[in-house]
Every structure is written in C-alpha cells, then in structure tokens.
Amino acid sequence: MPAATSDTSKITDYEAATSFLGEWGPFQQRTFFLLCLSFIPNGLTALSVVFLAGTPDHRCALPAHLNLSAAWRNSSIPLEEDATRDGALVPSKCSRYKVEYLLNYSERGFLPGLDVNLSNVPKESCLDGWEFDHSVYTSTIVSEWNLVCDESWKKPLTSSLFFGGILAGSFVSGQLSDRLFGRKMVMFGTIGLQVVTTLIQVFSSSWIMFVVLYFLLGVEQISNYLVAFVLGAEILGPQVRTFFSTAGVCLFFAVGYTLLPLLAFFVRDWRMLQVGFMLAGCVCLPLFWFIPESPRWLLSQGRVEEAEVIIRNAAKMNRIESPPVIFRPLKVRTRVHNICDLLRSPNIRWLSVTLWNTLTIAYYALSLNTANLHGNPFINCFLSAVIEIPAYALSWVMFRWCSRRLSHFSALFAGGFFIFIIQFIPRHLVALSITFEMLGKFAVSTAFAVVYAYTAELYPTVLRNTAVGACSTASRIGSIVAPYFIYLRTYSVSLPYIVVGSLTALTGLLSLLLPESFGMPLPDTISQMQSFPG
C-alpha cells in the first residue's frame, strides 16, 4: 500500500535553528535529569522475574496425619544425581517413596537402610503437593502455584510471555508516537497504565491471570522506555545527546536494576514486591508537567507554532533571547511514512535480526541466570546490576570519542569470548567462573548501550521512533527464547555458555559491516540516511 502524501513543513536544519539555546542550559539540564529519572522504575522491574519467580528448595509433601516414625519420615524422599552439581546425590524434588509402603514398614518397626533396602521401594510423584523452603523467599509465584516438576515449563514461559509483551510494545509504541499521539503522551500514558496493571496483578488469583497481566506490563514498560529514549535524543543537543543516549539512560536504568535485589532482600513476598514496583511508577507520573514534547516531532507533523512555543520557553529558562523567527518552513510535498518504508529495504532487517537479537539473548540470558549461580541470589543479582554501571560509563567514553563500528565490535566480541571460556573453568573454581560471567555481562551491557544510541543516529526523525521500536520489536524474539537458553543447563551446564558465547562473538564480527555515523548530524528525512554497505 503506497504511503499517503500531504503538505507539511520541512525544516532544513533543526540543529542550526536551535543552536542559540546552547548545549547545557537549565532547560537541557532539567529535561536530561527528569527523563533519566523515568528510567529507574524500568530498571527496577525489567528483570523482576528473577525474584517474582524464584524457585525455593522443595520436596514432596507428606500428609500431616500419616502415622510415620521420624526415621521413615526423614527417609521418605529418594536421593538422585544432580547434573548441576557434578552428579552429587541430593534429595529428589519431584518424587517420593510410595506412602503405603512407608506406612507398612513403619508399623512393622523396620528401619530404613538397615531392615529395608531403599532402592527396592517403589516411588511416586508428589501427590500431596510440595514443601517449600521459606528461608530465602516467603512467597513466589513458583511456590504459590507449584510451578515445579511437571509444571516447571511454566516458569520460563512466564519470562517469555513478558518479553512477548515487550515485542508487541516495541512495535505499537513506535507507531503511536511517530504517527498519532507524539512522544510525551505515549510515554506518560503507558507509565500510568503500568501502575494500574501492576496494582491489579497484586491480586492475581491464578498463574493464568498473572501472566496475562505480565504480558501487558511488558507492552507498557518497553513503550515508555523507548519513547523516553527517543524524546531525549530529539530534544537535547549533539554533545548532550551522546551522553544521554549511552551513559545517561543506561546508568539510571542500572540504578533501578541495582535497587531490585535490595528491595527484594527486604520484601520477600512477591505480592508486596509488586506493590513496591507500583509505587516507583507513581513517582514518575508528576514529571508530565515538567517534560516537554519533542519539537522535532512537532515539526515533522507540520506543527511549527507548537514547536516554537517550546523552544521560546526553553530560551526563557536559559535566559537567552530567542530570534523573531526560529524555524523557516518551506512548503513541500512529503510522504507520511510508516513502518513499511523500513521493511522495504534489507537494512532494518539486517540490523534487527543479527545485532539486536544476539544482544538481547546474551543480555537476558546472563541476567536471568543469576538465580542459578552459586551463592546468595540477592548478592549475585546485585553484582550483575552493579557491573552495568562502569559498562555504561565506558559506552559513553567509546561513543564520545570512538568509531561506532569498532566500539560495537570490540564490546560484542569481548563479551562472546568471556562467556565462551566459562565452560573451561573447573567447577570448583566458583569465584573465577562468576568473575568471567560478570565480565561477559560487562561487555554485553556496553554493547547494548551503544546499539540503542547507534540505531537512533542511523534513522531519520520521521521514522526514528518507529525504527528503534522496529529493531527492538524484532530483537524480542531473542529475549523470548533467552529463558530457554538457560533451560539448556538441565542437559549440560556448559551448553548455554557455548551457544551464547559463540553467537555473540560471531555477531561482533558481522557488526563491522555496519555504516559509520560518528561525527555526523542526525538525519531528518529518509534521503539523508546512510546506506548499509553490509
């Protein structure tokens, strides 16, 4: 279907027209910090499934009324080899010895192991449910709805459905903010919906209800994240934009992520944890009255007067006199663009399928895997979050002074290398393997920060939010399957590291085929885009 055409105002050079504002006045400072603050709740909730769906130690429950001796009650669970612990014998989590046999032996005064060979006693599944250890978590969705053993497939599916919501939100938010409602309305509308959805989720009565609402949360969360990112990139000047798009956004996201294990440590019940997330979202709603709409977007819609009002208010805040005419429009025939303009060329498909998908697989696989590392899950998650802060600081340094292609290549390739060699570390060197996993997370986080800003630089104003959203949409295939990359460890502990490490390093090499945008102005029209030589 051909795109429609309409008379709109084309501004030949937005950056030149607004250069009188300066780079870092009170207007830019306020916009920068308020937008960054809006990313903290996203960091707090993006990986909350690590604690919401934490799996406590568990064993088959026995009916309380059973008249079993202490010896037989303690020996009611068979021992099985655990592949994640080098074949060590551990109590089974999904089976028990048949209760009628235990009662018979107990009533006859037999002792387990002495009078009865336990290997000959028949087994059965956990017909009476499970006993969960509450020393780490008071309650999770796993313990509440018994998502273990035959129902364990529901746990990775929970994460995948959330990321499926992120996939849908990445697509919808770009279309709504580029073509209909603008950046600001979509950003704060989805923040409000996120608060309401989280409140309803607190009262979930079943796993089905929980995951349906969790899907909606994914839609809403990625929508306000992407739109706030593009809004800042379009309002701020070239130098501040670089810092905002890399270190600024990601550092504040990392602050929220760091707060997640701290909040989860003090709030061990999943429902109350959701209440904390809801309150964090409420804090962001008043920012609506302090963050302006994107003048670039208004201009792309032909709303020159509204854009000028925002710029004149910015000049007044910066105590700078604005010129009589800020934007000098030329009436031209321009197309109203949509996502089809991106899909007609292989550029967006190449960037989405390779770079973004691999990044999301590596990032979320490493982040979600913190629950499987040896040691305290709260400390491991905290380390995984803290390591992102220096990573994002490095991404800003690289983005400020280095080639975009080389920055992305070096971060991705290093991440793949660190992840891949974890398999060669002896199992007893736990601290060393965790160190290399954190180094891999460091490198992948650096690449993730770079690719968002890099993508925003490559695509024009008329399609920038749609382009970033489209890349993020396609990449969510990676985040949806990431929980199942972790699930591979049930077959071999090394398998996730082999697959993720190899894929990440290979994609790092392919990123050398991307165009270079370092030092170039943001394109406003499709004709100003660079070609993709790769």
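For region 233-249, the candidate set comprises residues that are touching a Ser or Thr at 6+ places or on another chain (Cβ under 6 Å) and not acidic (Asp, Glu); within that set, the residue that is most open to solvent (accessible area, probe 1.4 Å) is Ile235. Number of residues in region 37-55 that are open to solvent by less than 10 Å² (accessible area, probe 1.4 Å), part of a loop (DSSP other than H, G, I, E, B) and under 25 Å from Ser139 (Cα atoms) equals 5. Only one of the numbered conditions (1) surrounded by fewer than 20 Cβ atoms within 10 Å (Cβ to Cβ); (2) in contact (Cβ under 8 Å) with a residue 24 or more places away in the chain is not met by Ser205, and that is (2). If you go through region 471-522 and keep only what is more than 21 Å from the chain's Cα centre (by Cα), small (Gly, Ala, Ser) and either closer than 16 Å to Ala365 by Cα or modelled with pLDDT of 75 or more (or both), you end up with Ser492, Ser494, Ser502, Ser511. Pairs meeting the criteria (first residue in region 59-83 and within 29 Å of Leu495 (Cα to Cα), second residue modelled with pLDDT under 80 and of a type in the set (Ser, Thr, Tyr), beta carbons under 8 Å, at least 6 apart or on different chains) are Ala83/Thr490; Ala83/Tyr491; Ala83/Ser492. Here is the figure for region 404-419: residues that are open to solvent by 70 Å² or more (accessible area, probe 1.4 Å) and in contact with a Gly (Cβ under 8 Å, 6 or more places away or on another chain) total 2.
Is it the case that Phe252 is of a type outside the set (A, V, I, L, M), open to solvent by 30 Å² or more (accessible area, probe 1.4 Å), in contact with a Phe, Trp or Tyr (Cβ under 6 Å, 6 or more places away or on another chain) and closer than 16 Å to Tyr454 by Cα?
no
Is it the case that some residue within region 373-393 is open to solvent by 30 Å² or more (accessible area, probe 1.4 Å) and closer than 18 Å to Leu157 by Cα? There is no residue in region 373-393 that is open to solvent by 30 Å² or more (accessible area, probe 1.4 Å) and closer than 18 Å to Leu157 by Cα. Of all residues in region 171-178, at least one satisfies being farther than 28 Å from Ile311 by Cβ, in a helix (DSSP H, G or I) and touching a residue at least 40 places away in the same chain (Cβ under 8 Å). Going by the conditions given, is Ser119 without any contact (Cβ under 8 Å) to a residue 40 or more places away in the chain, hydroxyl-bearing (Ser, Thr, Tyr) and touching a Leu at 6+ places or on another chain (Cβ under 6 Å)? Considered against the rule, which asks whether it is without any contact (Cβ under 8 Å) to a residue 40 or more places away in the chain, hydroxyl-bearing (Ser, Thr, Tyr) and touching a Leu at 6+ places or on another chain (Cβ under 6 Å), Ser119 comes out as no.
The values are calculated or read from the model by the stated rules, or taken from the named source; none is laboratory data. Since the model is a prediction, treat every value here as computed from it, not as a measurement. A quick note on method: Cβ atoms are made from the backbone with ideal geometry, for glycine too, and the neighbour counts reach across all protein chains shown. Ligands, DNA and RNA are stripped out before the accessible areas are found, and what is left, the full protein with its side chains, is counted by its heavy atoms. Shrake-Rupley method; radii C 1.70, N 1.55, O 1.52, S 1.80 Å.
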